[in-house]
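One structure below.
The values are calculated or read from the model by the stated rules, or taken from the named source; none is laboratory data. Please read these numbers as outputs of a predicted model, since none were measured by experiment. Please note: Cβ atoms are built from the backbone with ideal geometry, for glycine as well, and neighbour counts cover all protein chains shown.
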Amino acid sequence: MKDSVLQMIERFDPKSLDEYDTVLKEIIQRICLLGLWRARFFEHAAFYGGTALRLLYGLDRFSEDMDFSLLRPTPDFSLQPFFQALYRELNGFGFEAEITEKGKADAGPIIAAFVKSSTRLHFLRIGVPERLSRQIPGNQLLKVKFEVDTDPPPGFSTEIRYILQPVPFSVRAFAPQDLFAGKMHAVLCRRWGRRVKGRDWYDLVWFARQEIPLNLNHLAARMRQTGDLAPQGTLTEKAWMDRLRQAIQELDVDAAKQDVLPFLRDTSQLELWSEDFFRAVADMIQMSR
């Protein structure tokens, strides 16, 4: 295992099995991004979503999946040409992994890939205390998923951001106001049945706290693409706020807390969560001009 990986683990200072698992996932995310950069993936795509917020913009919660968007629609795009670079980078840092691509579901625009490796093997390699590592089943896999939107909605901009660990490299990412639009789309339009995605609501509060404005035009483009806004429809600030207030009214706050808890070290701020709290946060959201 490379010294830089051990340094990252020491910086996180994990204590429990769950924390070690989370830290290893984040390290693999960083190494995958490095491999994609070396393979010039970011000439074709940009990073967005919760993991982009954490690794590039300082979001204070852990995030599981890696989300990318092509810069322009490319229906026949494949991740396969980038796998060799990912293997090479992961192996170079001591990770033995399997990478598989999953085709588009129902002819949709999203393609996905999974990086899988042995949890116990890598726990032993990084020196996880024996009292913890022996609790891991031998067949348990550490999984990192990444998805690529091959049919991105229009109206977003990107910028170059830098990651310094495990080594310095650059990543093309959605601009913050467009990241906010993507997150707002998830809050308003994500369909999870009875499940509540508390992470989306946590991120919404983070955007408001950072005073990052919302790109309403890009949000409207996303909503048109998913059928949540008529093809020629417009989204006014009032219409958006009405939708958000309705979502807040329907939110199961306790279920939202339970969803986000495993991704936080400091959970004290969740004590504030209530319908009144989210309504107040909504009133603080700014619009990009």
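Any residue at all in segment 246-269 that's part of a helix (DSSP H, G or I), without any contact (Cβ under 8 Å) to a residue 12 or more places away in the chain and hydroxyl-bearing (S, T, Y)? Scanning segment 246-269, I find at least one residue that is part of a helix (DSSP H, G or I), without any contact (Cβ under 8 Å) to a residue 12 or more places away in the chain and hydroxyl-bearing (S, T, Y), so the answer is yes. Only residues that are buried (at least 16 other Cβ atoms within 10 Å of the Cβ) and either of a type in the set (G, A, S) or outside the structural domain of L188 (by TED's automatic domain parsing) (or both) were counted in segment 256-280, giving 1. Any residue at all in segment 11-31 that is in contact (Cβ under 8 Å) with a residue 60 or more places away in the chain, part of a loop (DSSP other than H, G, I, E, B), among the basic types (K, R) and under 28 Å from V128 (Cα atoms)? The answer is no, given that none of the residues of segment 11-31 is in contact (Cβ under 8 Å) with a residue 60 or more places away in the chain, part of a loop (DSSP other than H, G, I, E, B), among the basic types (K, R) and under 28 Å from V128 (Cα atoms).
Among the residues of segment 157-182 satisfying the criterion of being outside any strand (DSSP E or B) and either among the polar types (S, T, N, Q) or touching a Lys or Arg at 6+ places or on another chain (Cβ under 9 Å) (or both), which is surrounded by the fewest Cβ atoms within 10 Å (Cβ to Cβ)?
First, the residues of segment 157-182 that are outside any strand (DSSP E or B): 157, 164-168, 175-182.
From what is left, the residues that are either among the polar types (S, T, N, Q) or touching a Lys or Arg at 6+ places or on another chain (Cβ under 9 Å) (or both) are 157, 165-166, 177, 181-182.
Working: S157: 12, Q165: 16, P166: 19, Q177: 22, A181: 29, G182: 24.
That would be S157.
Checking each residue in segment 260-288 for being farther than 17 Å from L188 by Cβ and acidic (D, E) picks out D266, E271, D276.
List the strands (runs of 3 or more DSSP E) inside segment 91-155, counting only whole elements, that have at least 2 residues being hydroxyl-bearing (S, T, Y) and in contact (Cβ under 8 Å) with a residue 24 or more places away in the chain.
By residue number, 110-118.
Table: residues versus (1) under 22 Å from the mean Cα position of the chain (by Cα); (2) loosely packed, with under 14 Cβ neighbours inside 10 Å; (3) not hydroxyl-bearing (S, T, Y).
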position: F207; (1), (2), (3): yes, no, yes
position: L214; (1), (2), (3): yes, no, yes
position: A220; (1), (2), (3): yes, no, yes
position: A230; (1), (2), (3): no, yes, yes
position: L235; (1), (2), (3): no, no, yes
position: R245; (1), (2), (3): no, no, yes
position: Q249; (1), (2), (3): no, yes, yes
position: D254; (1), (2), (3): no, yes, yes
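A search for C-beta distances below 7 Å between a residue of segment 222-236 that is more than 15 Å from P154 (Cβ to Cβ) and any residue that is exposed (fewer than 10 other Cβ atoms within 10 Å of the Cβ), counting only pairs 6+ apart in sequence or on different chains, returns nothing.
For segment 137-156, filtering for residues that are in contact with a helix residue (DSSP H, G or I) (Cβ under 9 Å, 6 or more places away or on another chain), aliphatic (A, V, I, L, M) and surrounded by 20 or more Cβ atoms within 10 Å (Cβ to Cβ) leaves 2.
Which one is surrounded by the most Cβ atoms within 10 Å (Cβ to Cβ), of the residues in segment 42-53 that are within 17 Å of M184 (Cα to Cα) and in contact (Cβ under 8 Å) with a residue 24 or more places away in the chain? I'd like the intermediate steps shown before the answer.
The initial filter retains those residues of segment 42-53 that are within 17 Å of M184 (Cα to Cα), namely 47-53.
Adding the requirement that they be in contact (Cβ under 8 Å) with a residue 24 or more places away in the chain leaves 47-50, 52-53.
Details: F47: 25, Y48: 25, G49: 22, G50: 25, A52: 23, L53: 27.
Step by step, filter segment 42-53, then rank; the result is L53.
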